[in-house]
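Engineer: One structure, as structure tokens, below. Some questions next.
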Amino acid sequence: MSSGTRLDHRTPIRRQLNEAARAFVRPRTYVGAVRELALSAFHVATYPLGVVPTAQPVEVPFIGRGVDHNPAVRLDPETAHTPIVLVHGYIHNRSAFLVMAASLRRAGFQHVHGLNYNPLRHPIPTLAEMLAIEVDRVLGATGADRCMIVGHSMGGMVARYYTQEFAQPGTIDTVITLASPHRGTYTAHLGIGPAAAQIRPGTAFMRRLEEGARPSSTRWLSYYSDLDIMVTPAVSAKLVHPALKATNIRLHNTGHLSLLLSGEALRSIIDHLADRELGRPADLDAHREARRAPNPRLRVVRGGQTGDEAG
């Protein structure tokens, strides 16, 4: 897809409707829906914890199968010292990452930081400026020369805009987006505030993101799900711009919020953050062969290749 090309979502929307029809006969779909409801309640209950000022997110017990100390982090002090900045999504706060932050620390990462912002008042470029200030603060506090960013939903769009428009070359080692509408989401028509208006398909902001993408040393990974009703069509959460050479990872039967608490997703995210070459286009195939057998719930697509779910 060339820069500035008008996006046509009719085909992926039809595919999503067909997928939804097939989902009604799959028992795991209902399990995933119940899990999404239950974990949404968890997010609501823990929301106040993200409002309280704190240097580090509050530790909470891990939900699901545990994430233990990652050998790649233990054997690489530089990676362990590389800070991670977590950027939450629309109408949330840093409490979205309570479980992920605790898991990252148990895996061996020494510096995990969360950013709070208000999308009801500010457009995404302004939020990206706030992220720029936070990244500079974190780098100064830790003495690191680069960091990694994980953004959920709108937070991934903030991270992408910051990395493309503001970040100094070499400063951002890795950007991981989780359920972020890289090609816009029609659900954003239900949102309020300037940031929600910007992530509707075909807006000037979305066109600027596409036109501003350039090759760089930053590694891009995007997680998306077939049970995400907040990103419509679901394949919009794939990052397919050829200049970014992103690795797209699909999770099955996982909702928009439960992606943040999924054991499979957490282990995959930690593996990619721990091994800073995993997911880089030139080395992805070799690394996948050398590691354990891939989880069947995760589907990896490299470099913006479309596969059978593409749009």
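Engineer: Which shape class applies to region 181-239: rounded if a/c is under 1.5, otherwise prolate when a/b exceeds b/c and oblate if not, where a ≥ b ≥ c are the square roots of the Cα gyration tensor eigenvalues?
Structural biologist: Numbers: a/c = 2.47, a/b = 1.24, b/c = 1.98.
Because a/c hits 1.5 or more and a/b fails to exceed b/c, region 181-239 counts as oblate.
Engineer: Separate question: Output ³J(HN,Hα) for region 251-266: one whole-Hz value per residue in order, computed from phi by the Karplus curve 6.51 cos²θ - 1.76 cosθ + 1.60 with θ = phi - 60°, and x for Gly and Pro.
Structural biologist: Once rounded to whole Hz, the list reads 10, 8, 6, 10, x, 4, 8, 5, 4, 5, 10, 5, x, 4, 5, 4.
Engineer: From the backbone phi of region 136-153, what are the Karplus-calculated ³J(HN,Hα) couplings (6.51 cos²θ - 1.76 cosθ + 1.60, θ = phi - 60°) in whole Hz, Gly and Pro given as x?
Structural biologist: Result, ordered by residue: 4, 5, 5, 5, x, 6, 9, x, 7, 9, 7, 9, 10, 10, 10, x, 9, 6 Hz.
Engineer: Okay, moving on. Which ³J(HN,Hα) values, rounded to whole Hz and listed in residue order, are derived for region 211-218 from phi using the Karplus coefficients 6.51, -1.76 and 1.60 in 6.51 cos²θ - 1.76 cosθ + 1.60 with θ = phi - 60°, glycine and proline given as x?
Structural biologist: Working through the residues one at a time gives 6, x, 6, 9, x, 7, 7, 5 Hz.
Engineer: Oh, and also: By the gyration tensor of its Cα atoms, with a ≥ b ≥ c the square roots of the eigenvalues, what is the shape of region 153-269: rounded for a/c under 1.5, prolate for a/b over b/c, or oblate? Could the numbers behind the result be given before it?
Structural biologist: Working: a/c = 1.84, a/b = 1.11, b/c = 1.66.
It comes out oblate by the Cα gyration axes.
Engineer: Mind giving me the nanometre distance, one decimal, between the label points for His252 and Glu211, set 7 Å out from Cα along Cα→Cβ?
Structural biologist: 4.1
Engineer: Also, quick follow-up: What is the set of long-range amide H partners of His182 at a cut-off below 5 Å, with H atoms built 1.01 Å from backbone N?
Structural biologist: Result for His182 returns Ala237, Lys238.
Engineer: Rank-order 159-165, 238-244 by packing density, defined as the average count of other C-beta atoms within 10 Å over each peptide's residues, highest first. Walk me through the numbers before you get to the answer.
Structural biologist: Values: 159-165: 23.7, 238-244: 21.0.
My ranking of the peptides, most packed first, is 159-165, 238-244.
Engineer: Around Gly114, which amide H atoms from residues at least 5 apart in sequence, or from another chain, sit under 5 Å from its own amide H, with H modelled in the peptide plane?
Structural biologist: Amide H neighbours of Gly114, under 5 Å, 5+ apart: Leu86.
Engineer: Compute the Cα gyration tensor for region 96-195, then decide on rounded, prolate or oblate, letting a ≥ b ≥ c be the square roots of its eigenvalues: rounded whenever a/c is under 1.5, prolate when a/b is larger than b/c in the other cases, and oblate in all that remain. Kindly include the intermediate steps, with their values, before the conclusion.
Structural biologist: Working: a/c = 1.95, a/b = 1.46, b/c = 1.34.
The shape class here is prolate.
Engineer: Near the amide H of Thr247, under 5 Å away, which other amide H atoms are found, from residues 5 or more places off or on another chain, if H is placed in the peptide plane?
Structural biologist: Here the answer is Trp220, Leu221, Ser222, Gly303, since their amide H atoms fall under 5 Å of that of Thr247.
Engineer: Something else: Using alpha carbons only, how many angstrom separate the centre of region 190-228 from the centre of region 161-183?
Structural biologist: For region 190-228 versus region 161-183, the Cα centre distance is 10 Å.
Read the figures in this text as sums done on the coordinates, not as results from a lab. What you see is a predicted model; the values in this text were computed from it and never measured. Please note: Cβ atoms are built from the backbone with ideal geometry, for glycine as well, and neighbour counts cover all protein chains shown.
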